[in-house]
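Everything below concerns the one structure shown next.
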Amino acid sequence: MKSLLTLTTLLLFLISNAQDTFSIVDYYPIADQNEWRYTAPENWKEGDYISKIEADTSNFFHYFEGTAVSRVPNAKSFKHYDATKAAKLLQLNENGIYYVGEVFSGNESYVLFDTPILWFPMQFHSDFSMDETRGFTRYYNNGNQTKGTFKIAQNLASIEDATVSAGSYKDALAFAFETYWDFGKGSEARSINTYHHAKGVGVIKASARFIVMQNKKELINRLIETDMKTYALH
């Protein structure tokens with residue numbers, strides 16, 4: 001009887017853990033030309049709020065050339081644009097999604113982290129969290145370079161049903177994350193975010209507060225809230 005109880009307990013443990021395992025590519029589909037359209041946030045005057053992924057077949061060679069920054073091995077490279085035309089530089093391999101840098105709005109400069117950040121591991125559980133700090137170099141189109149520090153902390157805050165303009169989705173993963181940029185000379189930026197990811201779709205709802213400071217004085221403090229209207233995956 002004791003052996004039977006032990007076996008039953010083990011089976012229940014294994015089942016529980018199997019149900020608690022997620023694959024990030026199910027919730028963050030990364031492929032060339034994937035596109036999501038969202039409701040326009042307050043004071044946005046350019047139609048739908050559009051997020052789009054584009055493949056970079058050069059594997060960011062034009063960004064990495066001449067730098068000592070390490071690349072992610074055996075990875076495919078993508079730019080994930082937001083509606084402001086800023087783009088996260090992402091690389092995907094069997095270990096997950098790496099965040100390697102950022103192209104800022106206006107395309108006048110870009111950032112490369114000293115080493116890639118494993119933003120989302122390929123497999124994770126409901127207790128997922130990460131907290132990373134990286135130095136970075138900011139490269140300007142005029143040839144100038146500056147150094148800075150980037151921090152990101154993230155956790156899977158909840159698993160919940162969500163209703164958005166496109167419909168209702170069960171068991172969406174709500175990731176809460178904060179970022180901090182220290183650009184030097186008193187220039188700083190923060191963001192406080194919650195993104196809901198639905199399986200087989202991607203981000204269906206987002207709340208993001210952006211704060212820009214100069215010498216500790218707030219210049220911008222803006223909340224953007226939006227939800228998905230349509231999506232197209234490729």
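The values are calculated or read from the model by the stated rules, or taken from the named source; none is laboratory data. Being a predicted model, the structure only gives us computed values, none of them experimental. A quick note on method: Cβ atoms are made from the backbone with ideal geometry, for glycine too, and the neighbour counts reach across all protein chains shown.
Considering segment 174-216, the residues that are part of a loop (DSSP other than H, G, I, E, B) and at positive phi include one that is nearest to the chain's Cα centre (by Cα), namely G200. When each of F64, F120, F113, F104 is tested for being within 26 Å of D182 (Cβ to Cβ) and in contact with a helix residue (DSSP H, G or I) (Cβ under 9 Å, 6 or more places away or on another chain), the lone residue that passes is F120.
Restricting attention to segment 61-89 and to residues that are among the charged types (D, E, K, R), in a loop (DSSP other than H, G, I, E, B) and modelled with pLDDT of 85 or more, the residue that is farthest from T230 (Cα to Cα) turns out to be K85.
Quick check: is even one residue across segment 41-53 among the β-branched types (V, I, T), within 23 Å of Y169 (Cα to Cα) and under 17 Å from the mean Cα position of the chain (by Cα)? Yes. Of the residues making up segment 60-97, those that are of a type in the set (S, T, N, Q), surrounded by fewer than 18 Cβ atoms within 10 Å (Cβ to Cβ) and in contact with a strand residue (DSSP E or B) (Cβ under 9 Å, 6 or more places away or on another chain) are T67, S70, N74, N93, N95. When the residues of segment 159-179 are filtered to those that are among the hydroxyl-bearing types (S, T, Y) and crowded, with 16+ Cβ neighbours inside 10 Å, which remaining residue is nearest to T137 (Cα to Cα)? Taking the candidates together, the pick is T179. For L92, the conditions (1) in contact with a Lys or Arg (Cβ under 7 Å, 6 or more places away or on another chain); (2) part of a loop (DSSP other than H, G, I, E, B) all hold with the exception of (2). Can N221 be described as of a type in the set (S, T, N, Q), in a strand (DSSP E or B) and surrounded by 14 or more Cβ atoms within 10 Å (Cβ to Cβ)? No: the conditions fail for N221.
Only strands (runs of 3 or more DSSP E) whose full extent lies in segment 1-60 are considered here, and the ones with at least 3 residues that are modelled with pLDDT of 60 or more and not charged (D, E, K, R) are 21-23, 49-55.
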